[in-house]
Amino acid sequence: MTTTTENSVLNNDVAIKAISDLTKLQKRFKSADALLTRANNAVYDVLSNAFAVLVELKTAEEPKPVRELFDYKLSEMTRSSKAKHATQATSLELKVIRFVCGNLNNKRESTYARVLRIAFAEDLHTNTDLSFVDWIIGAGGIDAVRRSGNGQVPVDYIARARAELKFTDQLAPVASAHIASMGAAEPDAEYCVAVVRKNADGTFGIVTTVDNAALTKQALARVGKALDVQDSKERADELERKQKEDAANATKLISESANIDLEAA
């Protein structure tokens, strides 16, 4: 049986060792945290330059031919395996991110593309008082920008649908003679509602169109809202994945920092 004094000495040794071990971990964490901060800042800088290129493409004097040339050159590079595959439906932001960042997982590239989209929607390129990097850091980081985007940028479903559909290939050309005017509202200058028939063989065909601005706006709003719902699901999936990734990265950085400390010792 140990004496009270022996127990006290043993307990003091445990407490002192705990303090010593935690002090060492404190140093390792500071080193790992510094590595993480430098890595994040490097990513912010890359995204800042990618945003500058995106702005040039979107604000070109003749954006349509510039976009077509950009897409053509990307398709040529895809054939030689220098760029990730993209379709006409792929957003310009996502094409830029895929080109710069290579083979990221879908959720991460979607997050980066969304950050670029929000920055452009908020006219960050016209703000002379706030740099792209300062904007991200001030907002709390990339994930904070992604989560808060819908609250900061007013959701205009019609405008979003127009932006997404602008460069989408048409399914089938329709002669102007097939456009039927309802006369209830002024026609839309760019879009109209199509009446599509499902054929017996499972195919679909446009049989006529309704050139009515009110109906067109309703249809575009539904398309824009569907895109927003899709983004919301992607954001939820990305948040869950990001939490797991952050935990894994933190463990890895602490392990690397520990190896650095051991080598220094």
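Readers should treat all values here as calculations from the given coordinates under stated rules, not as data from a laboratory. Quick caveat: nothing in here was measured; it's all calculated off a predicted structure. When we count neighbours, we look across all protein chains shown, and the Cβ atoms used for this are built from the backbone with ideal geometry, even at glycine.
Points to keep in mind about this one:
- In nm, spacing of pseudo-spin labels at Thr203 and Ala18 (7 Å Cα→C-beta vector): 7.6
- Neighbourhood charge, 12 Å Cβ-Cβ cut-off, centred on Ala52 and excluding it, Lys, Arg +1 and Asp, Glu -1: -1
- Estimated FRET transfer efficiency (Phe29, Ala52; beta-carbon r; R0 30 Å; 0.05): 0.30
- Listed cross-link partners Lys58/Lys198; Lys73/Lys107; Lys27/Lys107; Lys64/Lys244; Lys58/Lys252 are compared with a 29 Å cut-off, the Cα-Cα value being larger for Lys58/Lys198; Lys27/Lys107; Lys64/Lys244; Lys58/Lys252.
- D_trans [Stokes-Einstein, Kirkwood Rh over alpha-carbon pairs] for region 1-154, 37 °C, 0.692 mPa s, µm² s⁻¹: 173
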